[in-house]
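The values are calculated or read from the model by the stated rules, or taken from the named source; none is laboratory data. Predicted, not measured: the structure shown is a model, and the values here were computed from it. Virtual Cβ from ideal backbone geometry, glycine too; neighbours counted across all protein chains shown. What goes into the accessible areas is simple: the full protein's heavy atoms, side chains included, and nothing from ligands, DNA or RNA. Shrake-Rupley method; radii C 1.70, N 1.55, O 1.52, S 1.80 Å.
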Amino acid sequence: TTVTLGFSPRARRYRPYDIKKAEKIFEKLGRSGEELIDSYLSTKMTSGEIENFTWFNRDGESGLPYDFSIQEAGNITYIDVKTTSSTFNQPIVFSLQELNFIANTPNKYCVYRIYNCNDAIKKLKICGNYQSYALKILKSILQLDKNISPMGAKLQTLKIISNLTYEDFILGEDIDLV
């Protein structure tokens, strides 16, 4: 019996050059998405819809599990920008650091999903209610870690690829970005 999880021995092997090239493309795409949200939030602040916001990656990747925060009436909303040139339904990746933060922050956490990024008019959908999702995922990870521990194994790093259509997510309306 063969058991595989996310790996196939027949899968294409990528050269380090190809991986670095893809990383640069994804980094550039992510940066362009964050720039769009910076502009979007600046417009919201100018119109008085929000009080203030902070872009944590303005001068380079901060390593934080979020990209922006909105400060409003003593409340903070954390925003993670997830950008794709594909459709809204393209899966997104959550790191273990992001899941831990989402599950444990007392503040609101939203994903600002930018999609169709190669089109003239990009789309934004604001997605919320991630805490219950993150808690469910983390409980499953903790159970797996507990189950493999007696075998002398432990989880060291992990990324979760997620579909944004999970029933508990709150999905906002499509917003056009230019």
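Let me check I've understood the local charge: for ILE141, count other residues with C-beta under 15 angstrom from its C-beta, Lys and Arg +1, Asp and Glu -1. What total comes out? Don't jump to the answer; show the numbers that get you there.
Working: positive: LYS136, LYS139, LYS146, LYS154, LYS159; negative: GLU98, ASP145.
Combined, the nearby Lys, Arg, Asp and Glu give +3.
Does anything in segment 95-114 have its amide N under 15 Å from the 7 Å Cα→Cβ label point of LEU155, and if so which residues?
95-104
Under 8 Å for C-alpha pairs, at least 6 residues apart: give me the relative contact order for segment 53-178, rounded to a whole percent. Walk me through the numbers on the way to the answer.
Details: 207 pairs, mean separation 32.2, N = 126.
Over segment 53-178, the number comes to 26 percent.
Straight-line reach only, C-alpha to C-alpha below 21 angstrom: list the lysines that LYS159 could link to, leaving out same-chain residues fewer than 8 apart.
Counting by Cα, and skipping residues close in sequence, LYS159 has these lysines nearby: LYS20, LYS21, LYS24, LYS28, LYS82, LYS136, LYS139, LYS146.
Using alpha carbon centroids, what distance separates segment 107-178 and segment 18-78, in Å?
If we compute the Cα centre of each part, the gap is 17 Å.
With a 1.4 Å probe and every protein chain left in place, work out the accessible area per residue of the chain in Å², rounded to a whole number. Don't skip to the answer; put the middle values down first.
Details: 11690 Å² over 178 residues.
Dividing the accessible area of the chain by its residue count gives 66 Å².
Taking the Cβ of MET45 as the centre, find all other residues whose Cβ is under 12 Å away and add up their charges (Lys, Arg: +1; Asp, Glu: -1). Can you show the working numbers first?
Working: positive: LYS44; negative: ASP38, GLU49, GLU51, GLU72.
That works out to -3.
Determine, from the Cβ-Cβ distance of ASP176 and ASP145 and an R0 of 30 Å, the FRET efficiency 1/(1 + (r/R0)^6), rounded to the nearest 0.05.
Values: r = 43 Å, r/R0 = 1.43.
With R0 = 30 Å, the Cβ-Cβ based efficiency is 0.10.
Multiply the residue separation of ASP18 and ILE50 by 0.36 nm, subtract the distance between their alpha-carbon atoms, and state the gained length in nm to one decimal.
Values: separation 32, 0.36 × 32 = 11.52 nm, distance 4.16 nm.
Extra length from ASP18 to ILE50 when fully extended: 7.4 nm.
How much of the accessible area of the chain, probe 1.4 Å, is carbon plus sulfur, in whole percent?
Details: 6170 of 11690 Å².
Ligands and nucleic acids excluded, carbon and sulfur give 53 percent.
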